[in-house]
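A short write-up of the structure that comes next.
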Amino acid sequence: MNRIRIAAGVLATTALALGATACSGDGGDGEAATTASPSSAATAAAPASPAMDKPFGPGCSAVPASGKGSFSGMAADPVATAASNNPALSTLVGAVKEAGLVDTLNSAQNLTVFAPTDDAFSKIPKADLDKVLADKKKLTAILTYHVVGEKVAPGGLESGDFKTLQGAMLRTSGSGESFKVGEDAKVVCGNVQTANATVYIIDSVLMPPQ
């Protein structure tokens with residue numbers, strides 16, 4: 001009889017130990033799952049975006065690979081100087097000089113500049129462009145409409161509404177690496193860094209509202 005009681009006691013003790021181990025294991029697995037879940041969710045919610053940390057867009061292939069006009073070269077100079085070293089922005093640079101805005105743009109901090117390419121200016125009939133270039137007041141209004149007094153990252157362009165240095169608001173839209181500025185201009189090379197500005201090279205000249 002005593003042997004039966006001892007045996008029953010041993011079985012009961014073993015069962016309790018196994019039950020405790022099982023509960024402990026369940027708690028560990030649940031805790032691990034709880035710990036891993038937020039990490040997985042965070043990864044899914046915030047995928048890495050190449051547009052956020054380097055230039056993007058089809059027009060970037062026209063930027064020189066080295067020298068002052070390259071991305072690294074432009075990053076070392078203030079925006080007006082940096083643009084002067086980019087062969088695709090020669091008309092814009094000439095217009096900035098005509099308007100007397102070189103020092104203004106170079107000395108300001110934390111700008112965003114929407115920079116029309118030479119091809120963008122070529123869309124404007126030559127007679128009209130010459131007339132604008134000869135009218136400093138109008139030219140200044142147009143050029144300052146391309147400048148925002150804060151640095152805007154690519155994500156900020158998705159649904160943006162920015163006050164320009166000209167005074168009027170400028171709307172942007174898009175996602176990923178495809179963005180529109182104003183009514184028609186498209187970003188062809190975005191997130192170009194200079195010493196004092198973020199530059200988005202665009203394919204059309206922006207006209208401020210009348």
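The values are calculated or read from the model by the stated rules, or taken from the named source; none is laboratory data. None of the values given here were measured: they were computed from a predicted structure. Ideal geometry is used to build each Cβ from the backbone, glycine not excepted, and the neighbour counts take in all protein chains shown.
Let me confirm something: among 139, 133, 105, which residue is buried (at least 22 other Cβ atoms within 10 Å of the Cβ) and in contact (Cβ under 8 Å) with a residue 24 or more places away in the chain?
Details: 139 fails: buried (at least 22 other Cβ atoms within 10 Å of the Cβ); 133 fails: buried (at least 22 other Cβ atoms within 10 Å of the Cβ).
Result of the check over 139, 133, 105: 105.
What is the residue count in region 156-167 for residues that are more than 15 Å from residue 198 (Cβ to Cβ) and surrounded by 14 or more Cβ atoms within 10 Å (Cβ to Cβ)?
1
A quick yes/no check of all residues on (1) assigned by TED's automatic domain parsing to the domain that holds residue 62; (2) charged (D, E, K, R); (3) within 13 Å of residue 79 (Cα to Cα):
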{"residue": "108", "(1), (2), (3)": "yes, no, yes"}
{"residue": "113", "(1), (2), (3)": "yes, no, yes"}
{"residue": "129", "(1), (2), (3)": "yes, no, no"}
{"residue": "168", "(1), (2), (3)": "yes, no, no"}
{"residue": "172", "(1), (2), (3)": "yes, no, no"}
{"residue": "177", "(1), (2), (3)": "yes, yes, no"}
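Residue by residue, here is whether (1) within 20 Å of the chain's Cα centre (by Cα); (2) under 23 Å from residue 126 (Cβ atoms) holds:
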{"residue": "65", "(1), (2)": "no, no"}
{"residue": "74", "(1), (2)": "yes, no"}
{"residue": "82", "(1), (2)": "yes, no"}
{"residue": "89", "(1), (2)": "no, yes"}
{"residue": "93", "(1), (2)": "no, yes"}
{"residue": "98", "(1), (2)": "no, yes"}
{"residue": "104", "(1), (2)": "no, no"}
{"residue": "107", "(1), (2)": "no, no"}
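Of all residues being part of a loop (DSSP other than H, G, I, E, B) and out of contact with any Asp or Glu (no Cβ under 8 Å at 6 or more places or on another chain) in region 187-205, which is surrounded by the most Cβ atoms within 10 Å (Cβ to Cβ)? Just the residue, please.
That would be 205.
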